[in-house]
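Note sheet for the following structure.
The values are calculated or read from the model by the stated rules, or taken from the named source; none is laboratory data. Note that this is a predicted model, so its numbers are computed, not measured. Reconstructed Cβ throughout: ideal geometry from the backbone, glycine too, with neighbour counts over all protein chains shown. We work out accessible area using only protein heavy atoms, side chains counted, and drop any ligands, DNA or RNA first. Shrake-Rupley method; radii C 1.70, N 1.55, O 1.52, S 1.80 Å.
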Amino acid sequence: AAWRDKKAANKKRLAVYVQQKTGFVIDADSLFDIQIKRIHEYKRQILNVLHAVTLYNRIKDDPGQSWVPRTILFGGKAAPSYVMAKLTIKLINAVSYVINNDPDVRGMIKVVFLPNYNVSMAEVLMNATDVSEQISTAGKEASGTGNMKFMMNGAVTLGTLDGANVEIDRVVGRANDVIFGLDINGIRSLATNYRAIDYYNGDERIRNVMNTFIDGTWNGDPDDFKPVYDEILNKNDEFFVLADFDAYARAQ
């Protein structure tokens with residue numbers, strides 16, 4: 001009971017912090033689903049965006065269902081010359097603006113990007129997290145320490161078998177984390193004949209979200225997020241975002 005009270009207090013403190021930093025009012029009683037780390041394609045913030053939009057679409061299609069209210073928080077910085085990372089931040093903010101201003105999903109889902117991630121922000125975030133997003137492509141993360149900090153503060157790790165997730169999973173046991181997707185051997189096996197377009201053609205959820213990147217859904221400009229679409233479909237999805245989408249959605 002004491003632990004739950006402390007967690008609730010930490011979530012209320014984070015809700016106040018989010019409003020101060022972004023102006024968005026979030027529900028402290030909602031599930032806090034948080035991905036905070038450097039913005040990089042292999043860390044797959046885009047996979048999280050794909051799920052967030054899929055969840056948004058599901059709520060729009062079936063508002064009467066008993067949805068668990070969810071707040072999806074992103075944070076992190078992009079290297080100055082990393083164009084795709086900066087575009088990812090822009091996409092998250094554009095998605096956030098549309099979803100958070102849609103009365104059809106009010107009270108059920110919010111998406112927020114927290115600017116200027118730093119240690120002081122981490123101190124407010126990490127002990128208020130319910131779900132810790134550690135979803136990098138297997139074999140790409142050297143280690144990772146943020147996932148340890150989230151886990152030690154009581155968040156459930158949702159992740160691939162990559163980096164320190166491997167050790168966390170070994171210690172806490174599969175009953176106490178949520179592991180999904182391709183492991184390093186699966187990635188190596190799939191890499192020789194991977195075709196991202198097959199996943200696009202074979203999964204309506206993927207197709208619906210990917211098409212929003214080229215039809216102006218998020219900011220009225222069909223060209224703005226076309227590089228994200230091209231990177232995944234026309235350059236064949238180097239980081240296997242589409243290959244892991246279904247497993248990720250089921251894990252969520």
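Sort out which residues of the range 1-50 are of a type in the set (Lys, Arg) and open to solvent by less than 60 Å² (accessible area, probe 1.4 Å), and write them in order of number.
Looking only at the range 1-50, we keep the residues that are of a type in the set (Lys, Arg), and these are 4, 6-7, 11-13, 21, 37-38, 43-44.
Matches in the range 1-50: 7, 11, 37, 43, 44.
Determine, yes or no, whether residue 137 is in contact with a Leu (Cβ under 9 Å, 6 or more places away or on another chain), crowded, with 17+ Cβ neighbours inside 10 Å, in contact (Cβ under 8 Å) with a residue 40 or more places away in the chain and of a type in the set (S, T, N, Q). Please lay out each step first, then the result.
Numbers: in contact with a Leu (Cβ under 9 Å, 6 or more places away or on another chain): yes; crowded, with 17+ Cβ neighbours inside 10 Å: yes; in contact (Cβ under 8 Å) with a residue 40 or more places away in the chain: yes; of a type in the set (S, T, N, Q): yes.
Judged against the criteria, residue 137 is a match.
Return the residues of the range 145-161 that are more than 16 Å from the chain's Cα centre (by Cα) and free of Cβ contacts under 8 Å to residues at least 60 places away in the same chain; say none if nothing qualifies.
Within the range 145-161, 145, 148, 149, 151, 152, 153, 161 qualify.
Just checking, which of 44, 38 is in contact (Cβ under 8 Å) with a residue 60 or more places away in the chain, out of contact with any Asp or Glu (no Cβ under 7 Å at 6 or more places or on another chain) and under 30 Å from residue 232 (Cα atoms)? Before the answer, list the steps.
Details: 38 fails: in contact (Cβ under 8 Å) with a residue 60 or more places away in the chain.
Matching residue, one of 44, 38: 44.
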### Task
Pull up the range 144-181, narrow it to residues that are part of a helix (DSSP H, G or I) and of a type in the set (Asp, Glu), then point me to the one that is surrounded by the most Cβ atoms within 10 Å (Cβ to Cβ).
169
### Summary
Exactly one of 71, 54 is farther than 19 Å from residue 128 by Cβ and touching a Lys or Arg at 6+ places or on another chain (Cβ under 7 Å), and that residue is 54
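Which of the residues spanning the range 98-115 are in contact (Cβ under 8 Å) with a residue 40 or more places away in the chain and either part of a helix (DSSP H, G or I) or open to solvent by 10 Å² or more (accessible area, probe 1.4 Å) (or both)?
To start, the set of residues in the range 98-115 that are in contact (Cβ under 8 Å) with a residue 40 or more places away in the chain comprises 98-100, 102, 104-105, 107-115.
Of everything in the range 98-115, those that are in contact (Cβ under 8 Å) with a residue 40 or more places away in the chain and either part of a helix (DSSP H, G or I) or open to solvent by 10 Å² or more (accessible area, probe 1.4 Å) (or both) turn out to be 98, 99, 100, 102, 104, 105, 107, 108, 110, 113, 115.
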### Task
Output the qualifying pairs, or none if there are none: Cβ atoms under 7 angstrom, residues six or more apart or on different chains, first residue in the range 65-87 and in a helix (DSSP H, G or I), second residue loosely packed, with under 13 Cβ neighbours inside 10 Å.
85/79
### Task
Can you give me the number of residues within the range 226-250 that are open to solvent by less than 30 Å² (accessible area, probe 1.4 Å) and either of a type in the set (A, V, I, L, M, F, W, C) or part of a helix (DSSP H, G or I) (or both)?
13
### Query
Does residue 185 count as loosely packed, with under 12 Cβ neighbours inside 10 Å, out of contact with any Cys (no Cβ under 7 Å at 6 or more places or on another chain) and not in a loop (DSSP other than H, G, I, E, B)?
yes
